[in-house]
1. From the list VAL84, VAL6, exactly one residue is more than 20 Å from PRO124 (Cβ to Cβ) and buried (at least 21 other Cβ atoms within 10 Å of the Cβ). Which is it?
2. Are any residues in region 129-175 of a type in the set (Val, Ile, Thr) and more than 13 Å from ALA205 (Cβ to Cβ), and if so, which ones?
3. Cβ contacts < 8 Å: first residue farther than 15 Å from THR75 by Cα, restricted to region 18-46; second residue among the polar types (S, T, N, Q) and not in a helix (DSSP H, G or I), any location; separation 6+ or different chain. Result?
4. Where in region 1-86 are the helices (runs of 4 or more DSSP H), entirely inside, with at least 2 residues that are at pLDDT 95 or above, within 14 Å of the ligand (Cβ to nearest atom) and under 22 Å from the mean Cα position of the chain (by Cα)?
5. Residues that are aromatic (Phe, Trp, Tyr) and either within 30 Å of GLU7 (Cα to Cα) or within 25 Å of the chain's Cα centre (by Cα) (or both): does region 169-181 have at least one?
6. So in region 52-69, with the set limited to residues that are within 21 Å of ALA100 (Cα to Cα) and among the hydrophobic types (A, V, I, L, M, F, W, C), which one is surrounded by the fewest Cβ atoms within 10 Å (Cβ to Cβ)?
Amino acid sequence: MRVLVVEDETKLAVLLRQGLRREGMGVDVAATGEDAVMRATATDYDVILLDVMLPGQDGFEVCRQLRAKQVWSPTLMLTALDDVDDRVRGLDSGADDYLAKPFSFQELMARIRALVRRGAHPRPTLLSVGELRLDPATRRVAYRDRELSLTAREFAMLELFMRRPGEVLTRFELLEHVWDDSYENRSNVIDVYVGYLRDKLERDAIETVRGVGYRLRV
Ligand code: CA
């Protein structure tokens, strides 16, 4: 297992490197955001430990850049700030987990194991299909650079389509993921909402696949 530690405090960086190496891991250290981006794009790290407060580019910016460059290494943010906003910002910039300083090495190792289990498959923070863009964090949607105003349900449905581009989604799948058990009147709600989305995108943006369901086509 190969780990990148991004930490500008030399003492902590050395401690982490020693501890992780004792666990049998290969450990590289980057002290700046720029160095972190360079290393993480050149080497396929199994885990990145990313400090938030760095000189120059901070951890949020590093994480955004890596995800934009299609680097999907599982990333754990280390933050000294016990601040909800920072944790939210970290996760929304593409981090997978966070740990507030000071932390126990035991917990750090457990989180690293959990991250490695989940793997490094692509998980973009911004969804993009054709000329459609959707940001789950800011809840904004744009089609051909035109911002769309969607209700919560329309947004949820479009997000589901965009997470499975080119796939035919059955009415059952759409119901299962966008509605919950409290919804009683299930007869034609999917068709109604597909209609709403077509009105806001364009008529043939969602294709009807007869007898099966619907497919996003943008
Ligand atoms: Ca720091």
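1. Details: VAL84 fails: buried (at least 21 other Cβ atoms within 10 Å of the Cβ).
Result: VAL6 is the single residue among VAL84, VAL6 that is more than 20 Å from PRO124 (Cβ to Cβ) and buried (at least 21 other Cβ atoms within 10 Å of the Cβ).
2. Within region 129-175, the first condition is being of a type in the set (Val, Ile, Thr), and the residues that meet it are 129, 138, 141, 151, 168, 170.
Hits for region 129-175 are THR138, THR151, VAL168, THR170.
3. Close Cβ pairs satisfying both conditions: THR32/GLN57; GLU34/GLN57.
4. Numbers: elements: 10-22, 33-42, 59-68.
Result: 33-42, 59-68.
5. Keep residues of region 169-181 that are aromatic (Phe, Trp, Tyr), which gives 172, 179.
Pick out the ones that are also either within 30 Å of GLU7 (Cα to Cα) or within 25 Å of the chain's Cα centre (by Cα) (or both) and you get 179.
Checked against the condition, which is being aromatic (Phe, Trp, Tyr) and either within 30 Å of GLU7 (Cα to Cα) or within 25 Å of the chain's Cα centre (by Cα) (or both), region 169-181 yields at least one hit.
6. That would be MET53.
The values are calculated or read from the model by the stated rules, or taken from the named source; none is laboratory data. Computed from a predicted model, the values in this text were never measured in an experiment. We place every Cβ from the backbone using ideal geometry, glycine too, and count neighbours over all the protein chains shown.
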